[in-house]
Each structure stands twice: as C-alpha cells, then as structure tokens.
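The values are calculated or read from the model by the stated rules, or taken from the named source; none is laboratory data. Nothing here was measured: the structure is a model prediction, and the numbers come from that model. Positions of Cβ are generated from backbone atoms using ideal geometry, with glycine treated the same way; all protein chains shown enter the neighbour counts.
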Amino acid sequence: MRCEVFPGDRKCRHCLRRNVSCIIKRSYDADVDTEDDVTRAIEQMNNKLDAVLAETARLQAESAANGSRQQPRERDQYQDLPAPQSHDDPPSVPSHPSVAQYSGPPSGTPRNTTSPAGISCREDNTHMAMTRENSPDPVSHGDPGNGSVTVEDPMGSLYEVTRLRNIRSNKSKMTRPLPEGQGQLNDFISRGVIAESEAEELYEIFHTSLNHYLWVGLEQTHPSFISVRRSSELLTATILAVTALHIPTSAAASTFDICYKEFLSLISSSMFSRYHSIDDVRGLCIAAFWMSEVSWKLSGHAIRIATELNIHQSFTAALDGNKEHFLRARLWYMLYVCDHHFSIAYGRPPMIAESIQIREHELFLASPFANALDARILSQVNLMQILTRSSSNDPSTAMLVESDFEALRMFNLEIDQWRMRWHARQTRNFCIGSFPPLGIILYSYFAKLQINSLAVRGVSLAGSSQDQFLSTERKEFANLAVSAAVSIITFVLEEDDMRRALVGTPLYVHTMIAFASVFLMKVATRWNSVMGLKVEEEYVARLLGRMIGVLKSAVTSDRHVLKHIATGLEKMLEKMEESRLRRQNFENAGAARGQVDGPAGIDTSEIMGAQMNTPATWGAGGLGQTPHQPGDHAYFGDGLNLMDDNLIFEAFGTGSANDVYNLLSSQFSSG
C-alpha cells in the first residue's frame with residue numbers, strides 16, 4: 001500500500017493507525033504552503049515583540065520619572081478582636097482578616113497601576129485566526145482493529161475534517177505552572193503593579209482566614225504563595241483583591257482598586273482564551289463567592305471553563321484513589337454550590353444539573369482523601385439539592401394551592417433531617433472557631449425561610465378581597481417563615497463566632513440576612529393586617545436596629561456589601577418608623593376627639609389599642625384579621641407586588657449592593 005501524505009501532515013493515515021514510521025520522499029510542492037504559513041507567523045511574532053519592547057521601554061521611563069516624585073505612603077494599621085480558640089487550638093491564629101496587621105504598600109515604593117498589554121497570560125484575541133494544526137494529537141499505540149469502537153463528539157469530527165485549532169479546547173496545551181526554581185515569574189507583581197511584600201502580606205491574611213470560610217483548601221494544593229503565582233496569575237489577582245476588600249484601611253482600598261483592575265483585565269482575556277488551568281477555575285469560583293457585582297457572570301464563566309477541562313468527569317477516577325482527580329472533583333462540588341447559591345437566590349435556572357457525582361456524594365466523603373473540609377462542602381451540596389427541588393417543584397410565581405402544602409411539609413422535614421445529619425459531622429476549625437457547626441444551624445434557618453415564605457406568595461393585598469383570609473395551614477407555614485427570619489437575626493446577634501464570621505462569609509449569607517430583615521419588616525408593617533398574622537412592629541424595629549448596628553460596625557472595607565446592606569436597611573427602618581409615628585399621631589388625634597362607640601356600645605378604641613400591643617406569636621393558626629393600619633401605603637404599596645420595588649431600589653439598587661437588590665426583587669415580586 002502506497003503512503004500518501006496530505007499537505008500539513010507528517011505521516012499518512014495508514015501509518016498513523018498502525019503506529020509505524022512513514023518513509024516517503026516529500027516534494028517541495030507538498031511543503032510550500034506550510035512554509036508560507038510559518039513565515040507569516042514569524043513575521044507576526046516579530047512585529048508583536050517589537051511592540052511589546054517599545055511599550056515596556058515607555059513604561060520603564062514613566063516609572064523612573066514617577067519614582068523621583070513618589071512620596072512615602074502612610075502605613076495604616078489596625079487590630080481587632082482575637083481569634084476564637086478552643087483549648088487545643090494554636091494560640092495566635094487570627095479568625096478574621098481584620099485581625100492581622102496590614103501595613104499597606106512599602107513606603108517609598110513606586111507603583112505601576114497598569115500592566116503592559118500583550119505579556120504574561122494575556123492574549124491578543126482581536127483577530128480570528130483560521131490556523132490549521134500542523135500535526136495531529138497522539139493516537140493510541142494499540143491496534144484499532146483489536147480495540148473498542150470510539151465514537152467522537154460532533155465537534156471532534158469537524159476538527160478531523162478542517163484541522164482548525166480554534167474550534168476545540170486545547171486540552172493538551174493548557175497552561176501549566178512553571179517548574180519550581182525554573183523560569184522567571186512574569187506577572188503583575190513582578191512588573192511592579194503591587195509590591196511583592198504587600199502581596200505576601202495579603203496572601204497570609206487570606207490563607208489564615210477567608211480560605212477557611214469558603215472550603216477553598218488552598219493549603220492542600222499550594223504550599224506557598226510562589227506556588228500560587230506560578231500556577232495562575234488569575235488566582236493570584238483574585239486572592240489579593242478579595243482580601244483587600246475585607247480590610248478597612250485606605251491603603252487596602254487603594255490596593256483593592258489596583259488588584260481589581262488586574263483581575264478584570266485577566267477575566268476579559270480569559271473569556272476568549274483557549275488556554276486555562278485548574279487554578280483559573282478556582283480563582284473564578286473564589287471571586288464569584290465574594291465579589292457581588294460580578295458574581296453571577298463569574299460563576300457561569302468558571303463552569304464553562306471547568307467543563308472544557310473535563311473537571312466534571314473526575315468523580316470516577318477520584319473514587320479509584322487518584323489524588324489529583326479527587327481535588328478536581330472537590331472543585332466541581334464547589335462550583336455546584338456556587339451555581340446553586342445564586343440560582344436559588346435569583347430564581348434563575350442552574351447551569352449544573354444533578355449528576356451521579358451529586359447524587360452519590362456520600363461515596364466521595366468515604367474516600368481516604370476526604371477530611372473535614374469535604375464534610376462542609378458536601379453539606380452544602382446536599383442542602384442545595386433540597387432547595388433546588390423545592391424551587392423547581394413549582395417554578396411559577398402563582399399562589400400555592402392548599403394541596404401544595406403537603407410537599408411543603410415534606411421539604412421542612414428534609415431540612416430538619418439535613419441539620420441533624422450534617423451538624424454531627426462538623427468540627428471546630430483552628431482559624432474560624434465553631435463556625436462550621438454553627439453554619440449548619442444558620443443555613444437550616446435560611447432554608448426554612450426560603451421554603452416557607454412560598455406560603456404567602458401571590459396572596460392578594462386588596463383590602464376587600466376574600467383571599468386575604470388565609471387558611472389555618474397557610475398561616476402555619478407563614479408563621480414558620482417568620483420564625484425562621486427571626487431566628488436568623490437573633491442567631492447572628494447572640495453567637496460570638498457568628499458575628500466574627502459575618503465579614504468573611506460568602507455573599508449568599510449576606511443576601512439571606514438582608515432577605516430575612518426585609519421579610520420581617522414587610523410582615524410587621526403590611527402583611528400583618530391583611531393576612532391575620534401577629535408580629536409586633538416595635539419588636540421587629542428593635543431587632544433590626546440591633547442588626548443594623550452589627551452590620552455597620554463590621555470591620556471591613558467600605559466597598560464590602562455588608563456596609564451597603566446596613567445603609568439600605570437603615571433607610572427602610574427609618575421609613576417604617578416614620579409610618580408608625582404618623583399612625584400613632586392619627587390614633588391620638590382620634591382619641592382626643594372622644595371615644596367612638598361601635599355596635600352594641602363596644603368601645604372600639606380599646607380594642608384597637610389592644611391589637612396594636614399584642615405580643616408576637618408564632619402559633620400555627622394566627623388570630624384573625626387586624627384592622628387596616630393607615631399610613632403604610634405610602635411606603636410599602638398596596639398592589640400585587642409583595643414588596644415596593646421603588647423602596648428596595650432606593651435602599652439597595654446601586655453600587656455593590658445591586659446583587660442584594662436583584663435577590664430581594666426576585667424573592668418578593670409576584671410578577
């Protein structure tokens with residue numbers, strides 16, 4: 001059989017399949033196209049290199065000029081509460097990023113605020129290069145005739161026909177970390193965008209605090225900061241930006257701006273890049289959990305890259321004892337939790353469907369590589385399974401019918417079982433104290449609020465409608481939602497480790513605290529009278545006032561979403577208090593004009609006063625309808641929407657709290 005080599009190939013297909021050498025005399029005509037392509041590629045590389053060198057020289061000149069005028073920067077330091085410790089814990093590990101001494105950038109050290117374009121891992125993706133692969137991927141050494149049939153994906157066949165490298169993810173050429181001690185680091189730190197000593201300081205803060213709140217397990221994949229830098233510039237930028245976000249100093253605010261700019265630049269480059277690493281995915285996931293303005297976008301981007309890297313297919317190999325695949329499978333669980341946190345919060349469909357890895361998470365926990373970190377991740381996976389089923393059970397925004405309450409009761413039972421099963425598996429952490437077991441309790445309250453608040457969805461607020469008289473069972477679930485919301489607020493207020501952990505916890509915790517606060521405010525001011533619920537307005541005001549105080553005193557950056565939640569809730573509470581004072585003035589004016597006699601000589605003013613001062617009760621049946629209270633319409637509306645969207649937007653609709661506004665709008669809107 002004669003060997004026939006097509007242009008661009010090095011062997012004929014017959015020899016490739018048999019893994020034998022192809023001996024053929026190639027003609028000049030067969031190679032001319034390839035040589036022309038190589039020549040053009042070399043010319044393009046030379047042009048780009050000249051541009052990079054010119055840009056580098058310009059930036060070095062600017063840096064030298066700025067350095068002569070650079071004044072030493074003031075070092076901001078702060079110190080906060082000591083870390084929660086058990087008797088067996090190491091004595092000096094901080095539980096919170098604000099505990100560490102952060103001095104800011106070194107005095108007198110000039111900073112470049114931008115990175116030269118076209119270097120490091122940033123790629124030029126401004127041209128659509130229809131470039132053919134010069135050689136195929138390695139093939140199996142076995143005889144295909146003796147092996148099993150492999151059916152490629154459709155895109156694989158398209159690649160086989162066209163050989164265009166850009167139509168497939170290049171798994172054989174993913175970025176890899178530089179070997180230890182070899183090669184020179186070329187990232188935004190080495191280029192002077194941020195001082196190396198400051199970057200090391202921020203990394204240490206992350207390593208001993210935030211790393212443990214989010215089940216990152218960075219210490220199990222990277223022994224040092226240099227290892228992180230060699231692995232992924234994106235992960236490096238994420239860690240520094242997220243840490244600076246949690247530090248309440250002017251120096252940290254400046255550092256956050258610089259690192260966030262680098263982070264966004266790297267994200268933009270990665271969107272169209274063919275080269276990614278596992279740590280790029282890890283960096284995107286970390287950022288999604290904490291950076292509220294870009295959380296939803298980053299979650300989806302991370303999942304797409306992870307599937308290109310086949311991270312979703314590591315579960316079987318992980319169970320077979322492969323450590324690398326175990327860590328990859330753990331990352332897929334982390335992505336699942338991230339995806340479903342925001343999916344449930346926003347009322348949007350998740351990207352990651354339930355697979356065998358999700359259903360059989362107990363097998364993963366039985367692995368010899370599994371530890372306390374995995375018990376925390378998998379507790380979240382299991383909870384998200386329950387909440388996803390409850391939300392997908394009725395994805396509409398219509399009012400639940402009475403027959404739906406049986407399913408609601410079963411979901412409540414599942415949450416109780418989840419809490420008992422996973423609380424016993426959690427242990428204290430030497431960096432974050434008792435937050436792991438306390439977190440199980442807090443998340444059970446979150447779940448109870450989300451599930452039981454469905455009972456009031458779609459209830460008419462029209463005063464003359466007969467739908468306002470809730471059934472006993474509907475009131476039972478509405479009161480369960482109220483009880484869960486109160487439990488969320490009081491649990492955070494009364495548990496020391498929860499208050500310390502509040503800043504470091506992911507965005508989902510903060511949004512659920514905002515949800516619980518607004519839910520209570522709405523029940524106390526408007527739903528009380530319409531639905532026959534009994535929640536004392538003054539009690540809610542006092543409770544939320546304390547919560548706002550805790551949020552405002554949180555030791556964190558002004559960019560952090562907690563500061564914006566505190567400001568938004570404070571505005572809403574002020575409106576609620578103004579409404580209550582107007583109502584009291586209205587009642588006092590009526591009393592001054594004399595008592596109003598009702599039917600059969602009943603003094604209605606005394607009845608109204610008794611109803612206004614009735615203590616909050618969380619019973620199943622409620623106590624009938626209270627009279628309509630004037631003055632609420634101006635702030636909380638009377639239409640079909642359960643939440644006045646204008647008021648929520650005024651409180652949360654701008655800046656870093658925009659994600660909180662999206663959450664509240666999706667949870668409280670019936671349309």
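Brief remarks on what is shown
- Meets criteria (in a helix (DSSP H, G or I), of a type in the set (S, T, N, Q) and surrounded by fewer than 22 Cβ atoms within 10 Å (Cβ to Cβ)) for Thr490: yes
- Look at segment 537-565: where a residue is assigned by TED's automatic domain parsing to the domain that holds Val486 and surrounded by 22 or more Cβ atoms within 10 Å (Cβ to Cβ) and a partner is among the polar types (S, T, N, Q) and part of a helix (DSSP H, G or I), sitting 6+ places away or on another chain with Cβ atoms under 6 Å, you get Leu544/Ser517; Val561/Ser292; Val561/Ser656; His564/Ser656.
- Filter result for His222 (surrounded by fewer than 24 Cβ atoms within 10 Å (Cβ to Cβ) and part of a loop (DSSP other than H, G, I, E, B)): yes
- Test: Glu570 is over 22 Å from Cys431 (Cα atoms), of a type in the set (Asp, Glu) and surrounded by fewer than 21 Cβ atoms within 10 Å (Cβ to Cβ): yes
- Per-region count, segment 523-568, residues closer than 23 Å to Asn452 by Cβ and over 22 Å from the mean Cα position of the chain (by Cα): 21
- Spans of helices (runs of 4 or more DSSP H) in segment 276-380 with at least 1 residues at positive phi: none
- Cβ pairs under 8 Å, 6+ apart, first in segment 394-417 and assigned to a helix (DSSP H, G or I), second of a type in the set (Lys, Arg) and modelled with pLDDT under 95: Glu402/Arg474; Phe405/Arg474; Phe411/Arg389
- Number of the exception - Ile607 against (1) aliphatic (A, V, I, L, M); (2) at pLDDT 50 or above; (3) part of a helix (DSSP H, G or I); (4) surrounded by 11 or more Cβ atoms within 10 Å (Cβ to Cβ): (2)
- Breaking point among (1) more than 25 Å from Leu502 (Cα to Cα); (2) without any contact (Cβ under 8 Å) to a residue 12 or more places away in the chain, for Leu327: (2)
- Test: Lys534 is of a type outside the set (Phe, Trp, Tyr), over 26 Å from Leu387 (Cα atoms) and out of contact with any Asp or Glu (no Cβ under 8 Å at 6 or more places or on another chain): yes
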